Amino acid sequence: MGGDSLRGLGTQAPERRGDDLDVRTDGAFDDAVLEARSRQTLRPPLSQRLETLAAPAPVDVSSFTNDRSIDLLRHVLDHVLPRLEDDDAQATAKTILEEEIGWREAWQARLDDLSSAFPGSENDDQENS
């Protein structure tokens with residue numbers, strides 16, 4: 001069929017017969033297809049990889065301790081809030097942060113009381129984290 005359209009232009013395409021095909025080329029193609037398929041089965045789907053990137057697992061649990069939270073809140077209170085230009089926003093944020101620090105310090109004091117009342121308890125482990 002393809003040879004007929006070329007004949008009308010004055011050129012003639014060589015006819016390919018089955019015995020003219022390069023077996024090495026066919027084999028290489030098959031190998032490449034099989035390799036690509038095997039790579040796809042070894043790799044998780046794109047949606048799963050994106051989900052994993054979007055929700056990374058925490059590496060260091062100490063980042064979530066009460067003491068760390070208090071340190072971060074104090075840093076914001078001492079270094080970030082003074083840069084706010086709006087005095088009302090600064091005063092409101094300062095009140096909220098001081099209240100949150102107070103709650104967290106009270107919670108830490110309760111944990112410390114429990115760990116001293118029950119040595120070797122889970123609270124003692126949390127305090128040392």
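A few notes on this one:
- Boolean, Leu84 is surrounded by 10 or more Cβ atoms within 10 Å (Cβ to Cβ) and touching a Leu at 6+ places or on another chain (Cβ under 7 Å): no
- Filtered residue count, segment 43-92, keeping only those that are in a loop (DSSP other than H, G, I, E, B) and of a type outside the set (Ser, Thr, Tyr): 12
- Criterion (at pLDDT below 80 and assigned to a helix (DSSP H, G or I)) met by exactly one of Asp31, Asp19: Asp19
- Of the residues examined, Leu111 is not one that is modelled with pLDDT of 95 or more, surrounded by 12 or more Cβ atoms within 10 Å (Cβ to Cβ) and more than 28 Å from the chain's Cα centre (by Cα).
- Pairs are defined by a Cβ separation below 7 Å, a sequence spacing of at least 6 or placement on different chains, a first member in segment 84-100 that is among the polar types (S, T, N, Q), and a second member that is outside any helix (DSSP H, G or I) and surrounded by fewer than 13 Cβ atoms within 10 Å (Cβ to Cβ); no pair meets this definition.
- Screening Arg39 with (1) surrounded by 10 or more Cβ atoms within 10 Å (Cβ to Cβ); (2) among the charged types (D, E, K, R); (3) over 18 Å from the mean Cα position of the chain (by Cα); (4) over 30 Å from Ala106 (Cβ atoms) gives one miss only, at (1).
- If the condition is being basic (Lys, Arg) and touching a helix residue (DSSP H, G or I) at 6+ places or on another chain (Cβ under 6 Å), then segment 95-118 contributes only Arg104.
- Annotation note: of Ala13, Ala57, the sole residue that is aliphatic (A, V, I, L, M), on the phi < 0 side of the Ramachandran plot, surrounded by 10 or more Cβ atoms within 10 Å (Cβ to Cβ) and at pLDDT below 75 is Ala13.
The values are calculated or read from the model by the stated rules, or taken from the named source; none is laboratory data. The structure displayed is predicted, hence computed values, not measured ones. Note: ideal-geometry Cβ built from the backbone for every residue, glycine included; neighbour counts use all protein chains shown.
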